[in-house]
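The values are calculated or read from the model by the stated rules, or taken from the named source; none is laboratory data. Not measured: the values here are computed from a predicted model. No Cβ is skipped: glycine too gets one built from the backbone with ideal geometry, and neighbour counts run over all protein chains shown.
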Amino acid sequence: MGLHNNVHRRILGGLIILCSVVAVLVLRLAWIQLFMKEQTVPGTKYTLAKMAEIQSERETVLDSGRGRLYDRKSEPLAGETIWTAAFFPQEAKARNTVTQVVYEEAESMHRLAAILGVSYEQLLNKRSSLKEPLLWPSSVGKGPLALTSAQAEEVSALGIDGVGVLPFARRYDGKATGRQWLGYLSEEVPNTGGKASPSGLRIPMTGTDGLEKTLEPLLRGVGHTEAYAQVDARGQRVPGSPIQVRAPGNPYYPLSLYTTIDKKLQEQIEELAVKAGMKEGAVVVLDTGTGDIEAMVSLPFYDPEKISPEGGEWNNRALQAAVPGSIFKIVTAAAALEAGVTSADELFYCSGQYEKYGLSCLKGKGHGPLTLAQGFAVSCNTVFAALAERLSGAQLQATALALGLGRDISWQAENTLGFPVLKPLSGEQKGTIFTSLLPDDPGARVQTAIGQRDVQVTPLQAANLVVTLLHGGEVRAPRILQRVTFANGQKLEDLPGHLSPSTAGRISESTARQLLSWMRKVVTDGTGTSLQSTKWPVAGKSGTAQTLVKGMPRNNQWFIGYGPLDHPRYAVSVAVENVAPDSSHLAVKLFGQILDLLSSVPSGA
Ligand SMILES: [Zn+2]
């Protein structure tokens, strides 16, 4: 009983205290309403009543909160933070101070106009008509103009009313590039004309292709970062109200995704490809040790901010299968060596015409007598047609699979980072060897052996084939994503490289070594002699494939190889697609230029 009384007494005591607190609050509120509302709020010329009536906010989004993509050296690929010039509506000024202020500001405004690259009048017009915050737009792309850090400091120091320097998370830089693997974003829900943020980041975006799509669950943001200021009923900034920033304040998000790409190398190869006159095709550069993708360029270029669905520039040609021509002779030679139906010294005779299946050697009058090794170096069709007649279609097919062709090879992992299957490269084509193994006619085999007919290979597979030979026949899975960290730098997951074995098995180390020595012979005595002047000694295999584009005969030009010869660092494939049949061999030339570029990359970088 006594206990109960005690409890009751305590509850009663609590209630009395609570009531007193409420009473004090009510009294204070009444006091404010009755006596304070006509008082001026410190730092402003408005009364509390006036403030409540006029204030509203104008804001602009600085960061959608979407995850960032970086290259292997932590250079930003998507979601780079830049400095921008932010304009907010000007303060409402007392009439008698206006002239003085304008005079003081004129000089600063002239300087600001110069930094922004516009005339003083244009700047004044834009600023005076401002109803919403504005991040000064760039002349290229959709985003705001990026200031250098020196410019950012200067604009900040000018201290112009309503003009500040703010960080902005720029998704892309407004340029067309060959980085289709990055993908692009599109509006999650088609815009129905609702209120958009002045910076364009208010609309929810979702990854639609490339890494932006496959990694969407990791990239998805947790909230905007925005800058805001108080404005009055006329849209002028409330005096003394500064530009402020509010952020979600989550130390873990957005996530940072580190790729294996070398951004600088990627840019330089994009430049080389354009200068060489390449219009369609792809270049892939792999690290020979790991199989990591250091550069992957696809032409024509695409602009992630201007996607035309029918244009198709967003297609990543490095992952699209194309007729390989003579680079496929590597597979035929491997199949023949593994099957024991030939040897390096076997002597063949090429008269120029194979006299069966309508096949001829590209060298019209024929190569005459030549060994298998020489036949590989000069890419003699007669030699490889003869080999194909000794092999079954199944043998050619199995060797191709063992070498990582005719199947998905890019890096993937199960039950990783919340994905049942994490496969960063999207849209990778398998390619084909035979579309049908029946009937197994010799004509089809012969055409296949020289990389024509149904044979299709992706430039990524072609570069990886070189890595496979350098690894003695072990197929690695080319990797593009290597690490994911939280925003604070803490590790979330490392994604180590791995092999991509096949049920078709693998070729022997001795065959792989043999093929590599013949690839050197291509450069010393064969179709790649123009590569003898490269800075590094290199090795490789050329290919010219005949295709039809809308009924017109076209060629695919290929060169795949590696360098430097003795301590290989890079495997490279160059595929120049759909050129006129009489074009000079651009692929060999570009391969040489790329290897020269690679020879200037410091080792261990
Ligand atoms: Zn020949």
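Can you pull out the residues in region 526-546 that are in a strand (DSSP E or B) and farther than 13 Å from Leu470 by Cβ? Steps first, answer last, please.
Here is the first cut: in region 526-546, the residues in a strand (DSSP E or B) are 539-546.
Of everything in region 526-546, those that are in a strand (DSSP E or B) and farther than 13 Å from Leu470 by Cβ turn out to be Lys541, Ser542, Gly543, Thr544, Ala545, Gln546.
For region 452-468, a residue qualifies if it is among the hydroxyl-bearing types (Ser, Thr, Tyr) and within 14 Å of Gln429 (Cα to Cα), and exactly one does: Thr458. Looking at Lys550, Lys491, can you tell me which residue is surrounded by fewer than 22 Cβ atoms within 10 Å (Cβ to Cβ), assigned by TED's automatic domain parsing to the domain that holds Glu280 and modelled with pLDDT of 95 or more? Sole residue among the options that is surrounded by fewer than 22 Cβ atoms within 10 Å (Cβ to Cβ), assigned by TED's automatic domain parsing to the domain that holds Glu280 and modelled with pLDDT of 95 or more: Lys491. Among the residues making up region 59-86, those that are in contact with a helix residue (DSSP H, G or I) (Cβ under 7 Å, 6 or more places away or on another chain) and of a type in the set (A, V, I, L, M, F, W, C) are Leu69, Leu77, Ala78, Trp83, Ala85. The single condition among (1) more than 10 Å from the ligand (Cβ to nearest atom); (2) under 44 Å from the mean Cα position of the chain (by Cα); (3) within 15 Å of Val446 (Cα to Cα) that Lys356 does not satisfy is (2).
Mind checking whether some residue in region 391-405 is away from the ligand (no atom under 11 Å from the Cβ) and surrounded by fewer than 16 Cβ atoms within 10 Å (Cβ to Cβ)? Scanning region 391-405, I find at least one residue that is away from the ligand (no atom under 11 Å from the Cβ) and surrounded by fewer than 16 Cβ atoms within 10 Å (Cβ to Cβ), so the answer is yes.
Restricting attention to region 547-605, which residues are assigned to a strand (DSSP E or B), free of Cβ contacts under 8 Å to residues at least 24 places away in the same chain and closer than 19 Å to Arg317 by Cα? Can you show your working first?
Residues of region 547-605 that are assigned to a strand (DSSP E or B), as a first pass: 547-549, 552-563, 570-579.
Of the ones still in play, those that are also free of Cβ contacts under 8 Å to residues at least 24 places away in the same chain are 548, 552.
Scanning region 547-605 gives a single hit, Leu548.
Only one of Pro424, Pro420 is away from the ligand (no atom under 14 Å from the Cβ) and surrounded by fewer than 17 Cβ atoms within 10 Å (Cβ to Cβ). Can you tell me which? Show your work before the answer.
Numbers: Pro424 fails: surrounded by fewer than 17 Cβ atoms within 10 Å (Cβ to Cβ).
Going through Pro424, Pro420 in turn, just one is away from the ligand (no atom under 14 Å from the Cβ) and surrounded by fewer than 17 Cβ atoms within 10 Å (Cβ to Cβ): Pro420.
In the set (1) part of a helix (DSSP H, G or I); (2) of a type in the set (Phe, Trp, Tyr); (3) surrounded by fewer than 23 Cβ atoms within 10 Å (Cβ to Cβ), Phe376 fails one condition alone, (3). List pairs: first residue in region 216-236 and under 10 Å from Arg58 (Cβ atoms), second residue modelled with pLDDT of 90 or more and among the small types (Gly, Ala, Ser) anywhere in the structure, Cβ distance under 7 angstrom, at least six positions apart or on different chains. If the second residue must be modelled with pLDDT of 90 or more and among the small types (Gly, Ala, Ser), the pairs left are Ala227/Ala86. It is to be established whether one or more residues within region 279-298 are in contact with a Pro (Cβ under 7 Å, 6 or more places away or on another chain) and surrounded by fewer than 16 Cβ atoms within 10 Å (Cβ to Cβ). Yes, that holds for at least one residue. Find the residue count for region 334-353, including only residues that are crowded, with 17+ Cβ neighbours inside 10 Å and more than 10 Å from the ligand (Cβ to nearest atom). Adding up the residues that qualify gives 6.
Return yes or no: is Glu305 away from the ligand (no atom under 16 Å from the Cβ), part of a loop (DSSP other than H, G, I, E, B) and either in the same structural domain as Tyr570 (by TED's automatic domain parsing) or not aliphatic (A, V, I, L, M) (or both)? Write out each step before concluding.
On the way: away from the ligand (no atom under 16 Å from the Cβ): yes; part of a loop (DSSP other than H, G, I, E, B): yes; either in the same structural domain as Tyr570 (by TED's automatic domain parsing) or not aliphatic (A, V, I, L, M) (or both): yes.
Criteria met by Glu305.
When Leu387, Leu362, Leu370 are checked against the criterion of being assigned to a strand (DSSP E or B) and within 15 Å of the ligand (Cβ to nearest atom), a single residue qualifies: Leu370. Just one of the listed residues (Val467, Val446) is buried (at least 24 other Cβ atoms within 10 Å of the Cβ), touching a Ser or Thr at 6+ places or on another chain (Cβ under 7 Å) and in contact (Cβ under 8 Å) with a residue 12 or more places away in the chain, namely Val467.
The listed residues are Thr511, Thr503, Thr529, and the only one of them that is surrounded by 14 or more Cβ atoms within 10 Å (Cβ to Cβ) and hydroxyl-bearing (Ser, Thr, Tyr) turns out to be Thr511.
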